[in-house]
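Just so it is clear, none of the values below were taken in a lab; they were calculated from the coordinates. Everything numeric here is computed off the predicted structure, so don't read it as measured data.
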Amino acid sequence: MMFVKKAAIATVAVLSLAACATVSSWMPGGGKNVPVTLAGSEEVPPVSTSASGKGSFTVGDDGAVKGSVTTSGVSGTMAHIHRGAKGQNGPVALGLVKNGDTYSAPDGAKLSDADMQLFKAGNMYVNVHSAANKGGEIRGQLQP
């Protein structure tokens, strides 16, 4: 009877781990889930604001991007994923779609091969722009 109990527990554990693996690699070809926290202090130059943002993006091995950030304390006008190292500004790589206080990667979004190299090196960031801070009010570096 003890053997049956141990076997049942082992089976449940294996199935649970398999389910977690399926959930974490939902993108074809795998991918990396990257949490991001946005703050005015991360902008270049820093912005004095009480606004904040939080979310995550998953970047597939093929460059496919899914995910979003949600903000509070800011009337955002637009948001992007930019090319740029921490402490540096850079051009837009991907525009995000606004829905209330949430900004999401558009369906079918994909990073180029060059952008994938920047992402893997930690040289991409998310920022949310506002009327008061057209260059960006809050920012967070994507750390793969």
Could you give each residue of segment 30-47 its phi-based ³J(HN,Hα) in whole Hz, using Karplus coefficients 6.51, -1.76, 1.60 with θ = phi - 60°, and x for Gly or Pro?
x, x, 10, 8, 10, x, 9, 10, 10, 8, x, 5, 8, 5, 10, x, x, 10
Please list, in order along segment 88-97, the HN-Hα scalar couplings obtained from phi with the Karplus expression 6.51 cos²θ - 1.76 cosθ + 1.60 (θ = phi - 60°), rounded to whole Hz, x for Gly and Pro.
10, 8, x, x, 5, 9, 7, x, 9, 8
Whose amide H sits under 5 Å from the amide H of A64, counting only residues 5 or more places off or on another chain, with H placed in the peptide plane?
L111
Whole-Hz Karplus ³J(HN,Hα) for segment 115-128, in order, using 6.51 cos²θ - 1.76 cosθ + 1.60 and θ = phi - 60°, x for Gly and Pro?
5, 4, 5, 5, 4, 4, 8, x, 10, 9, 9, 10, 9, 10
If amide hydrogens are placed 1.01 Å from N in the peptide plane, which non-local residues have theirs closer than 5 Å to the one on E43?
R139
Scan around M124 for amide H atoms under 5 Å from its own, H built in the peptide plane at 1.01 Å from N, and keep only partners 5 or more places away or cross-chain.
G84, L142
